[in-house]
Amino acid sequence: MANYFNSLPLREQLAQLGTCDFMAASEFEEGVNYLRGKKLVIVGCGSQGLNQGLNLRDSGLDVSYTLRASAISEKRPSFVNATSNGFKVGSYAEMIPDADLVLNLTPDKQHSAVVKEIEPLMKKNACLAYSHGFNIVEEGQKIRDDLTVIMVAPKCPGTEVREEYKRGFGVPTLIAVHADNDPNGEGLAIAKAYAAGTGGDRAGVLMSSFVAEVKSDLMGEQTILCGMLQTGSLLCFDKMVAQGVEPGYAAKLVQYGWETITEALKHGGITNMMDRLSNPAKLKAAALSDSMKAILRPLYEKHMDDIMTGRFSGGMMDDWHDDDVKLLGWRHETSETAFERESVTDDEISEQTYFDQGILMVAMVKAGVELAFETMTAAGIKAESAYYESLHEVPLIANTIARKKLFEMNSTISDTAEYGCYLYNHACLPLLQPFMEPLNTDVIGRGLGLNDLGVDNQELIRVNQEIRSHPVEHIGQMLRGYMTAMKAIG
Amino acid sequence: MAELFGFDSADIEFGSGFSLERLDWQVADGDKWLVAGRNGSGKSALLAAIGGAGRLRSGRINALREPIAELSITVQRGLAARERVRLEGGEGSEFENGTPVSAILEELNPDSDLLRELSDRLGLGELLAQPFLNLSTGETQKVLLVRALASRHPVLILDEPLRGIDAASRIIAFNCIERFAGMRTVILVTHEVNAVPDWAEHLAYLESGSICYQGALAASEATDWLEQMSTLTVPQMALPPRVTGQASLQAPQSPLVVMKNVQVSFGDLPVFENLNWEIHAGEHWQVTGPNGSGKTTLLNLITGDSPHCYTNDLNIFGFQRGTGESIWDIKQHIGYVSSGLHLAYRVSASVERVLLSGFYDSIGLYQSVTSEQETIVAEWLKLIGLEKKRQQPFNQQSYGNQRLLLITRAMVKQPALLILDEPCLGLDPLNRALVIALIKQLTQSKTTTILYVSHDVSDPIPGISKRLSLPLA
């Protein structure tokens, strides 16, 4: 198999990278009708598999599961998940031949083996669906010509997909039809019905492409989403401890700090996050962010380039074939860091204190979001995709760190994201060392402690202007506007 | 005896905007206090203030320096939230299916003999290995009671300790409290003023954030205050109208619910075997049964919230379940309230929008509403006396008022089937009387059939004649 993206002519690459459009609610008036009475069979019953299946069944669709023979005979957790929820479960040979729509919701790493086994069993003109396009785009899996291939990618963990549905809402979702596999022209109708069945249509659906989803997803998760938060956690914690901040306090400030400061992003983007700082602190954060952007830009560009050329996925697939030696080694290394091992204090830290004492963390989020967004759009990815894969997801990942630090983040995200996160971390740590050297607890751990909050007018106007006019703020304001039009918050 | 903690002319402000005012209250070591008052009078705020919450605006606090063992909805919510986080975390948790009851119990005191004795008395033996989150409302309450009593903490806060506990266990529970509280200081909060235990010595009666009476519980003045709480009469009232053009049943002549040979088990534990049940329009039912008899599971089969509704022969509102209908097709004909819904209703929405969400069966409001719906909601708010709270955040209301609002949310559309699962937990006697009066009115309308669930067999609801009694599984 060869990398699919690299096999495309440049004009096709650009066209597919540049696909991402917000779909009107009226496009979903038919609901799940296109799939009514059809047989949906889900491969895999982990977090996405189980929770998408529960939603689709509650939307009136006929859902069952198929698992590897060993998972069934050994009653593995996936088997227990499916059967205890009243779903029919069978082997590939039993379930696949009757399926009209097969949803491959196994981890990336298993895709090519799973597809190789199920494809010959699929009936003519059936449809194969993914929630992540790595297998098609990076591994270049070629699917039988008579089969339709689509993607429906909810932009949240599986548990959120279920919780939001039960509330009567949903999570933002990307859909796509694989241009090479739409023999009957019905791919879009199936994808829309599938998205409606998971509740995605209530929260907003974007028409994307396999290529745009994969390339932007990889870039976001490696850099700002997971990589920057990991590197930032380690640097900020070590800095504070070296400067005499009580380690339990430092650990708490970092563990819960990301969640608290990025909550502000949800409501009003980088602008609102920066507005939560005092004026002197804002100027400080903007200057720190500028310095980090200058240092890190080549690293972000390297990640983007490696993703585009397939160098990243090639390296990761080599590790798959090497029994994940690198991934497991890096995972262990992370668990041994001082930040991970420190237990947090019981002392209360107020919401505003996380901003006031976490100026450097705010600067890191700003630098990471802006750099990821700039690098993605410069590479031909549309602003909408770049927004979802940078700013939009930061609070979701920050929540995982608040639960149980980096361990939790890395066990919640996919192995692909985790691998990319460690790659970034290894490169980023030494790059930022000289920048960190002269910093003090005024920007991380204790706050500026000023009695006089005065600043220069011209300087403040310049910085505010710079923050507000960044393109991620323009697209963000528009997309958040669509979302709140749908989700009226009391 | 020495003062353990106290407040002198204290004004204490809370984040929700609520304040306790001119608080003068001294509690001595070993005191046994009853704290009473109507929903929203400040009982929970007072308990929080004992624990050091709130901001002192004026006056003085002699803070409590001893650890507190607390049984309250706040503690329950905290544990449930922690469990959800652990479960979502997946691989990282020590217990894959959630923390078992035994581990929850051991958190405050690992003394296994004491825990075993208390667990046996309250009949928890079978449940010790079960995941905490799988327990029913009443079972959860028993676990939290054992957990608090088994602790060696010198101060016990018991906020509605009998909430949801079945009739057979109530006396046992009270005896356990008396015996295991021993010489410790106890602050008891309850609306059940007719069943105050003998060991309670003092009363603090709250109204609008102030203690308006404190003194011996045996004094006649104390009795007057408590009686006032329970003897106010509910005025005559008329229900607001239904929304015009509300979805009608597709098969109005067929039964609302038909269950045939229903089988449900959790793991190896059978809950129902060959259950047959029909609910016809206009036949109002009361379902009773001890804690853990499967009352909530039975309701979840009807509402579609149990996965077992797809593995059984169920016909709900003419929909044979699992034949292409969606849960929203079912829910549009149901109004529903339960402790589970109350726990799940965690959104930052105004009181008004919470009631409006009843028209869409959603937690939070995601659709635009009509002016007719807004008018109807305003009338309901007036009926329950909370019209002034219309624009306030729901999650800053007292527990009792939240419950009253969620009951009203279930009623606003006057659904074909109104399911009330232990609705009155946490309501003061007057609000309880109000809810019962509303139910009675609804039974007289031609549109709504009531399904009322309660552990308490001696709790007849006027207008409801059919009974289903579930045995312990």
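Laboratory data are not the source of any read-out in this text; all were calculated from the coordinates shown. The shown structure was predicted, so the numbers you read here are calculated from the model rather than taken from an experiment. Reconstructed Cβ throughout: ideal geometry from the backbone, glycine too, with neighbour counts over all protein chains shown.
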Could you work out how far the C-alpha centroid of the range A:328-390 sits from that of the range A:99-151, in angstrom? 34
Which percent, to the nearest 5, of DSSP beta bridges fully inside the range B:3-231 are antiparallel? 55
Counting partner chain Cβ atoms within 10 Å of every residue's Cβ in B:17-26, what's the average? 0
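Checking the table A:K266/A:K366; A:K38/A:K192; B:K260/B:K440; A:K215/A:K382; A:K239/A:K326; A:K252/A:K404 against a 21 Å threshold on Cα-Cα, which pairs fail?
As for pairs spanning more than 21 Å Cα to Cα, those are B:K260/B:K440; A:K239/A:K326.
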Which of the cysteines found in chain A have nothing to pair with, since no other Cys Cβ lies under 4.7 Å from theirs? A:C20, A:C45, A:C127, A:C156, A:C236, A:C428
Percent antiparallel among DSSP beta bridges confined to the protein assembly as shown, rounded to 5, stands at 40
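Ranked highest first by average number of other Cβ atoms within 10 Å, how do A:120-129, A:154-163, B:414-423 line up?
On the way: A:120-129: 18.1, A:154-163: 21.2, B:414-423: 23.2.
Highest-to-lowest ranking by the protection proxy: B:414-423, A:154-163, A:120-129.
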To the nearest 0.05, how large is the calculated FRET efficiency for A:A402 and B:S16 if R₀ is 30 Å and r is the Cβ-Cβ distance? 0.85
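Looking only at other chains, what is the average number of their beta-carbon atoms within 10 angstrom of each beta-carbon in A:31-41? Kindly include the intermediate steps, with their values, before the conclusion.
Details: counts 2, 2, 0, 0, 0, 1, 2, 0, 0, 0, 0.
Taking all residues of A:31-41 together, the mean is 1.
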Can you tell me what share of the DSSP beta bridges in chain B is antiparallel? A percent to the nearest 5 is fine. 50
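With a cut-off of 8 Å between alpha carbons and a minimum separation of six or more residues, what is the relative contact order of the range A:151-275 in percent? Display every interim value, and only then the final one.
Working: 116 pairs, mean separation 23.6, N = 125.
Computed value for the range A:151-275: 19 percent relative contact order.
Nearest 20 debye, what's the magnitude of the dipole of the protein assembly as shown about its Cα centre given +1 on Lys and Arg Cβ and -1 on Asp and Glu Cβ?
On the way: 85 positive and 119 negative charges, 384 e Å.
Using Cβ point charges on Lys, Arg, Asp and Glu, the protein assembly as shown gives about 1840 debye.
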Efficiency by 1/(1 + (r/R0)^6): what FRET value for A:A15 and A:E117, r their Cβ-Cβ distance, R0 = 45 Å, to the nearest 0.05? 0.85
Below 12 angstrom from the Cβ of A:G220, what's the summed charge of the other residues (Lys, Arg +1; Asp, Glu -1)? -3
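What's the magnitude of the charge dipole for chain B around its Cα centre, counting Lys and Arg as +1 and Asp and Glu as -1 at the beta-carbon? Answer in Debye, nearest 20.
Working: 40 positive and 53 negative charges, 238 e Å.
Dipole of chain B, to the nearest 20 debye: 1140 debye.
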Evaluate the charge dipole of the range B:257-469 about its Cα centre and quote only its size in Debye, nearest 20, assuming +1 on the Cβ of each Lys and Arg and -1 on the Cβ of each Asp and Glu. 500
Residue-wise, which Karplus ³J(HN,Hα) couplings in Hz belong to the range B:295-309, taking 6.51 cos²θ - 1.76 cosθ + 1.60, θ = phi - 60°, and x for glycine or proline? 4, 5, 4, 4, 5, 5, 5, 6, 6, x, 8, 10, x, 5, 5
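For the range B:3-93, which trypsin sites (Lys or Arg not before Pro) pass both filters: DSSP loop (anything but H, G, I, E, B) and at most 10 other C-beta atoms within 10 Å?
On the way: sites: B:R22, B:K32, B:R38, B:K43, B:R55, B:R57, B:R60, B:R65, B:R77, B:R82, B:R84, B:R86; in loops: B:R38, B:R65.
Hits after loop and neighbour filter: B:R65.
Could you tell me the relative contact order of the range A:37-188? Use alpha-carbon pairs under 8 Å, at least six residues apart, and round to a whole percent.
Working: 281 pairs, mean separation 33.6, N = 152.
Once normalised by length, the contact order is 22 percent.
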Do any GluC sites (Glu not before Pro) in the range A:325-374 lie in a loop, going by DSSP, with at most 11 other beta-carbon atoms within 10 Å of their beta carbon, and if so which? A:E336, A:E348
Out of B:T311, B:A219, B:L188 - ranked by how far each Cα lies towards the positive end of the dipole of chain B, with unit charges on the beta-carbon of charged residues - the top one is B:T311
Quick shape check on the protein assembly as shown: root eigenvalues a ≥ b ≥ c of the Cα gyration tensor, a/c under 1.5 is rounded, otherwise prolate if a/b tops b/c, else oblate, and it reads oblate
Difference of contour (0.36 nm per residue) and Cα-Cα distance, B:N134 to B:A281: 49.7 nm
How much length is gained if the chain between A:D347 and A:N272 is pulled fully straight, taking 0.36 nm per residue apart and subtracting their Cα-Cα distance, in nm to one decimal? 24.3 nm
Residues whose placed amide H lies under 5 Å from that of B:L71, excluding near-sequence neighbours: B:I157, B:L158, B:D159
Sorted by mean Cβ packing within 10 Å, highest first, what order do the peptides A:49-61, A:96-108 take? A:49-61, A:96-108
If the reach is capped at under 21 angstrom between alpha carbons, list the lysines near B:K43, excluding any in the same chain fewer than eight residues apart. B:K32, B:K388, B:K389
Just to be sure I understand the model, the point goes 7 Å from the Cα along the line to the Cβ. What's the resulting B:S371 to A:D180 distance in nm? 5.8
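Give the average, rounded to an integer, of partner chain Cβ atoms located within 10 angstrom of each Cβ in B:316-328. Could the numbers behind the result be given before it?
On the way: counts 0, 0, 0, 1, 0, 0, 4, 3, 7, 3, 8, 8, 5.
For this peptide, the per-residue mean of nearby foreign Cβ atoms is 3.
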Neighbour net charge for A:I150 - beta-carbon separation under 14 angstrom, K R +1, D E -1: -3
Dipole of chain A, positive direction: furthest Cα of A:N425, A:G368, A:A203, with charges on the beta-carbon: A:A203
Whole-number percent relative contact order across the range A:8-86, with pairs defined as alpha carbons under 8 Å at least 6 apart: 27
With the charge dipole of the range B:255-399 built from beta-carbon charges (+1 for Lys and Arg, -1 for Asp and Glu) about the Cα centre, the Cα from B:I384, B:S398, B:L269 projecting farthest to the positive end belongs to B:S398
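For B:L430, what is the net charge nearby, where nearby means another residue's Cβ is under 14 Å from its Cβ and Lys, Arg count +1, Asp, Glu -1? Let's see the in-between values first.
Values: positive: B:R38, B:R403, B:R432; negative: B:E192, B:E207, B:E227, B:D428.
Local charge sum for B:L430: -1.
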